[in-house]
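Below: the structure, in structure tokens.
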Amino acid sequence: MTPAPETPSPLTASPMSTGDAVRGLLRPDLRHLHPYGAPQLDVPVQLNTNENPYSPSDALRRAIAGAVAGVAGTLNRYPDRDAVDLRKDLADYLGHGLGAPQVWAANGSNEVIQQLLQAFGGPGRTALGFEPSYSMHPLISQVTGTRWAEGSRDADYGLSTAAAQVRAHQPDVVFVTSPNNPTGTSVPLALIEEVYDAAPGLVVVDEAYAEFARAGTPSALALLPGRPRLVVSRTMSKAFAAAGTRLGYLAADPAVVEALLLVRLPYHLSTVTQAVARAAIAHRDEPLATVAALRRDRDDLVTWLRGHGLTVADSDANFVLFGVFADRDAVWQGLLDRGVLIRNTGPRGWLRVTVGTPAENEAFKRALKEDRDL
Ligand SMILES: Cc1ncc(COP(=O)(O)O)c(C=O)c1O
């Protein structure tokens with residue numbers, strides 16, 4: 001599935017564009033694609049890209065500033081190419097007996113995914129995902145020349161047929177997103193084991209939202225021992241409240257990490273990125289404390305939406321998928337007209353709202369009540 005363009009890229013809107021001439025030079029397999037396009041609009045309430053709404057405290061800002069000042073004098077040199085200290089910190093955060101050799105980091109989990117597909121996908125190879133899911137999985141697959149196989153989900157967005165689909169497609173890479181974006185649903189470990197046993201290649205469990213899962217939802221990190229083809233990807237963009245830092249990471253067998261060294265660009269993670277990420281990890285108690293509040297507010301939002309007659313998918317993430325609207329574009333626009341930006345994505349008729357601060361959640365509810373006459 002090609003992600004739909006939500007806003008034209010400013011790069012393609014130029015009246016001076018010599019687009020046709022350049023388009024003819026573009027790789028034919030990229031010509032039909034649209035750039036990732038979640039709108040970045042300057043409106044009072046932004047609940048469309050699943051960020052943590054709480055900005056760093058003064059103490060954390062000082063720690064980050066101190067970390068940057070501490071490395072500023074070294075910026076004439078390239079960074080640690082293998083980001084060893086950062087990987088140790090991340091392994092320590094993840095637990096499960098992991099060490100730096102089993103952890104890899106890059107500029108956001110999007111880059112982690114790109115590196116995985118560069119190394120294990122590519123021309124003549126196939127990646128499979130179960131849609132609706134994260135729209136960058138198919139896009140990065142196609143950009144790396146990997147054929148995308150669009151798998152499906154059950155009516156309640158579950159994955160009871162995932163292993164059978166894996167057997168049918170024999171993909172080189174399988175993506176299982178848990179909790180899934182945009183549905184918010186998480187995948188039981190038994191199902192991930194089934195997918196792993198059925199898969200001939202790499203199984204990537206994208207756990208970008210793992211920290212928001214309801215109590216008792218285990219991470220696929222527990223499945224890593226003895227499964228060298230299993231990869232669990234994570235990000236600091238969500239629970240860690242560090243989307244601007246651009247730091248994603250994975251845990252896997254050391255052989256997977258070694259393979260990624262072949263495709264990563266030299267010095268891909270800047271000294272500043274590594275320093276800021278390490279400062280945020282050292283002060284993680286503070287951003288992670290917001291997760292408990294966001295989970296509570298998410299559950300309240302689900303209850304509120306259901307109480308107003310809407311259908312809501314169970315959510316283990318920091319967003320909620322709700323509907324079902326005959327004209328979801330009109331609802332999205334109605335909210336935007338009231339200063340609330342949510343995401344027009346997911347199955348037909350559904351919309352996705354990120355859980356914000358209590359004031360932002362109230363603004364969302366007010367706007368929806370007004371627009372829908374609830
Ligand atoms: C499921 C999923 N994976 C990965 C990402 C990418 O996150 P980042 O590149 O910021 O780490 C996102 C971002 O929204 C996501 O929803």
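Here's the yes/no breakdown for (1) over 23 Å from Ala65 (Cβ atoms); (2) hydrophobic (A, V, I, L, M, F, W, C); (3) out of contact with any His (no Cβ under 9 Å at 6 or more places or on another chain):
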site: Ala239; (1), (2), (3): no, yes, yes
site: Leu250; (1), (2), (3): yes, yes, yes
site: Ala255; (1), (2), (3): yes, yes, yes
site: Arg264; (1), (2), (3): yes, no, yes
site: Ala280; (1), (2), (3): no, yes, yes
site: His283; (1), (2), (3): no, no, yes
site: Ala293; (1), (2), (3): yes, yes, yes
site: Arg296; (1), (2), (3): yes, no, yes
site: Asp299; (1), (2), (3): yes, no, yes
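Answer yes or no as to whether Leu247 is within 16 Å of the ligand (Cβ to nearest atom), buried (at least 23 other Cβ atoms within 10 Å of the Cβ) and not aromatic (Phe, Trp, Tyr). Against the criterion (within 16 Å of the ligand (Cβ to nearest atom), buried (at least 23 other Cβ atoms within 10 Å of the Cβ) and not aromatic (Phe, Trp, Tyr)), Leu247 qualifies.
Every residue, every condition in (1) more than 19 Å from Met236 (Cβ to Cβ); (2) in contact with a helix residue (DSSP H, G or I) (Cβ under 7 Å, 6 or more places away or on another chain); (3) among the hydroxyl-bearing types (Ser, Thr, Tyr), yes or no:
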residue	(1), (2), (3)
Arg278	no, yes, no
Glu286	no, yes, no
Val302	yes, no, no
Phe319	no, no, no
Gln333	yes, no, no
Arg352	yes, no, no
Ala359	yes, no, no
Asp371	yes, yes, no
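For Arg234, the stated conditions do not hold, so it cannot be described as touching a residue at least 60 places away in the same chain (Cβ under 8 Å), in a helix (DSSP H, G or I) and not aliphatic (A, V, I, L, M).
Taking segment 89-178 as the region of interest, the helices (runs of 4 or more DSSP H) fully inside it that hold 2 or more residues being under 23 Å from Val263 (Cα atoms) are 108-120, 136-143.
Scanning segment 48-88 for residues that are part of a helix (DSSP H, G or I) and without any contact (Cβ under 8 Å) to a residue 40 or more places away in the chain yields Asp58, Arg61, Arg62, Ala65, Ala69, Ala72, Val84, Lys88.
The condition (being away from the ligand (no atom under 15 Å from the Cβ) and touching a strand residue (DSSP E or B) at 6+ places or on another chain (Cβ under 7 Å)) is satisfied by just one residue among Thr311, Thr290, Thr303: Thr311. Restricting attention to segment 173-230, the residues that are touching a residue at least 40 places away in the same chain (Cβ under 8 Å), within 15 Å of the ligand (Cβ to nearest atom) and among the aliphatic types (A, V, I, L, M) total 7.
Bear in mind that the values in this text are calculations on the coordinates, not laboratory data. Computed from a prediction, not measured in an experiment: that's the story for all the values here. No Cβ is skipped: glycine too gets one built from the backbone with ideal geometry, and neighbour counts run over all protein chains shown.
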